[in-house]
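To start, the structure under review is shown below, and the notes come after it.
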Amino acid sequence: MANKNLQQKYDAAQERVAELEKHLGLMKNELDGTIHRLIFEKTPGGMAVISLTGDIIACNSEAAMIMGCTPSDLQGSDTGSFYNNPADREHLRSRIKNDQPIRDHHLSLTRMDGSTIWVSVNARPIEYNGKPAALASFFDITEHRRALKEIELAEIRFEALYTISEMTNRSEKEILNFALEAITKVSASDIGYIYFLNRGETELTLHAWSTSVMKQCAIERNLQGQSVDGVGMWADAVRQRKAVIVNDYQNHPEKKGYPEGHIYIRNHANVPIFDDDRIVMLAGVGNKDSDYEEEDIRQVQLVMDGIWGIIQRHRSNAELQAAHEELEEKVKRRTAKLEEVNQELAILNINLVKKDREREQAKTALIRYERIVATTPDLISLVDRNGVYKIVNNSYLKMFKKERKDIIGKSIKELVGPEVYEQVSKANMDKALAGETARVESWLDLPAAGKRYMAVTYHPVSMDGNKIDYISVEARDMTDLKSNEEALRVVADRLALATNAGNIGIWEWDLATDDLHWDQKMKELYNVGPDEFSGMYEAWKSRVHPEDLVEVERQLATCIEQKGHIDFEFRIIHPDNSIHVIQTAGLIQTDSQGIPQRMIGVNRDITKQRQMENELRRLASTDPLTEAHNRRYFMERLTAEFERCKRYNTSMVLLSLDIDHFKRINDTYGHPAGDEILKALVTLCKITLRTTDVFGRVGGEEFMAALTQTNIVAGEKTAERLRQLIEQESVKTHGHSISYTISIGITEIHEKDETIETLLKRADDALYKAKNSGRNRCVVI
């Protein structure tokens, strides 16, 4: 009986133990599930357990939020519908099946609402509920990629504009073709075109379409002389005299359509290019993947303004060079002609000496005169009081293509014709008969000789010294000389037109007297009135910027010494204290012994061009939102400082800063508020850091600072001072007062560091540790 009771107690105890073990197992499973949920939900970023067939077994709320749905909608979904590129899915599945982890893999996904995002994925194979699966964590990097794209476009813009500034020696066609491809790149467009406008802004002439358009468009491309009033809305930028954006071309109410074979237009932007108040070109881009914005207009405008400046300079230089060469050629021909005339005069002088000896032997003055004039190239004749020819020389016969017998005994009126006689000869003969020497220069239409420019002198001749018996008529054919003078005047007018069009001033410096001769454009460039410039070298020196004067005078002295040429830039100061940049070019002219006599040259105001280039350099190195240095510039400076520290064994501290919970700020208050937070952070960093320190924005909310000539103790104090300052500040924006904190990773350069990569890695590791330690703190590694 006792054994039976004992057995019953034992059985009851066993049942109780079984109940307790079962209860303990349930409690353990519940505890494990609670721990699992806490880890799953609190892990930063999206996390999901995915079967090898691609089904989502479990996910956290962050993963659902990234994919634009709820956890219940996402759980059980097939991941195959999310991949934009099927190759990404096969690549990830292959690595998981081969038991290979996936780290920081970037891919494009389609969210539940149809929008596209980019994510960074990390995954590894696991066993879940006894079955093989993959544990994946991923982060939304769409904004990061967009920021990288903006940086890439900024670099493309800078490189394009820098290349444009170096293209002054290229042909205008090459310059425009480069510009065409550049504006499509800087606006991220698929197509582009450039038109020229006539002076009245009534007609458009196509330069070219971009290469992508030429490949896609089947219509005739020789679009010359298009009327602005006769074309569609792509010329609205000319009619409205401002840039025009059309982001929904196909549904635009003013759309007229386009010819068959024309490329399909999704959206486009047109930018008019001005020269003062006149539109000279129309640049257009189209078929961008996203909507066009004012930033696209600004970038296209920057490129095309630079292009127009280069084209103006190119055209001015070409016209100036052509005019200079033409003028030089005219001068050479005139010099050769003068040398020929001098040779003829030398021969004539010899003949005159010879004739003088013969004249001494002549019996009468008339015979002596006849022999002399027979050999002169000028037309010499002797007429009586009635204008009848008594003597004519050989040149006279040659001019009128007659024999001597056909002229002697005839009157001037019969030879030159009634019209020339009445208009020119008669009045001057009357003066000579009155005892006065008369001279006239005029175009004369002569029989047989045609229209000639003649210089004619009428000398009274007296045989006895009392009465005027004859008139000696000397005529010189100056047609070629007159034509050369008119040609030189045309060249001078053309040169003046070219210099005015190119805003180029011409100067001449007399080295013997120190006198400077300026044309009107030079006075405009230096902002002096007609009577304000003394014309002396010292007066010009007073306008040169003091910092440039020594180099300018050195350049001039070297040019004079070497008898060469100059081509450099310097600054001048206007009376209103404004500073302008002048580009000058000139050369030395010497005498026959090679001694420098004068320097001639040109000046051109390139202030706007240099300002544009400086602005482009600033844009290329500056983050457009915060005005901090951008990643590219910061990395260049950091590399230079790193190499300097290694070379001279000096210290440097690197800070890696990140705004805590920045995504939460954006999600709660909106991206505009987030932008204000970024700008406020940059302002406080600039206040705290020294001017010798290098500071820049290297990511979305990520910043770095290189503290030069600083050890780790001082660097940590600076970082802590900055952290406390930001913790105490708040940003008032969009109706909210937002407080925020930052985490800072700190490291210093080590002797074993061979490249900046190890330094950057330590700074990032220190930042990561600061965030994982609770944020709003500084950590040193």
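No lab work stands behind these numbers, since they all come straight from the coordinates. Please read these numbers as outputs of a predicted model, since none were measured by experiment. Cβ placement follows ideal geometry from the backbone for every residue including glycine, while neighbour counts extend to all protein chains displayed.
Key figures
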item	result
Global form of region 103-149, assessed from the alpha-carbon gyration tensor, a/c cut-off 1.5	oblate
Two-site FRET efficiency, R333 against Y648, from Cβ-Cβ distance with R₀ of 60 Å, rounded to 0.05	0.35
Potential extension, E720-K97 segment - 0.36 nm per residue separation minus Cα distance	219.5 nm
Förster radius 51 Å - calculated FRET efficiency between A322 and K149, Cβ distance, rounded to 0.05	0.65
Loop-resident sites, region 512-615, for GluC sites (Glu not before Pro), counting at most 14 other Cβ within 10 Å (DSSP)	E532
Violating pairs (Cα-Cα greater than 25 angstrom) within the set K402/K426; K149/K663; K354/K413; K398/K482; K337/K521	K354/K413; K337/K521
Restricting region 661-757 to trypsin sites (Lys or Arg not before Pro) in coil, as DSSP defines it, with at most 15 other Cβ within 10 Å	R690, K752
Cross-link partners of K255 among lysines (Cα-Cα below 27 Å; sequence separation of 8 or more within a chain)	K185, K215, K242, K288
Length-normalised contact order for region 634-702 - Cα pairs under 8 Å, 6+ apart - percent	47 percent
Rough spin-label spacing in nm, given labels placed 7 Å along Cα→Cβ, for T142 and K769	3.6 nm
Length-normalised contact order of region 362-484 in % [C-alpha pairs under 8 Å, at least 6 apart]	24 percent
Cα gyration tensor shape of region 622-780, rounded if a/c is under 1.5, else prolate or oblate by comparing a/b with b/c	prolate
Label-to-label distance, nm, for residues given as E547 and Q520 (7 Å Cα→Cβ offset)	3.5 nm
E15/E127 FRET efficiency (R0 30 Å; Cβ-Cβ; nearest 0.05)	0.30
Protection proxy ranking, peptides 314-324, 461-471, average beta carbon neighbours within 10 Å, highest first	314-324, 461-471
In nm, spacing of pseudo-spin labels at Q8 and D531 (7 Å Cα→C-beta vector)	14.1 nm
Relative packing of peptides 188-195, 378-385, 230-237 - highest average C-beta neighbours within 10 Å first	188-195, 378-385, 230-237
Net lengthening on full extension, T639/T70 (0.36 nm per residue, minus Cα-Cα)	200.2 nm
Flagged links, alpha-carbon separation over 27 Å, of K686/K769; K173/K330; K332/K523	K173/K330; K332/K523
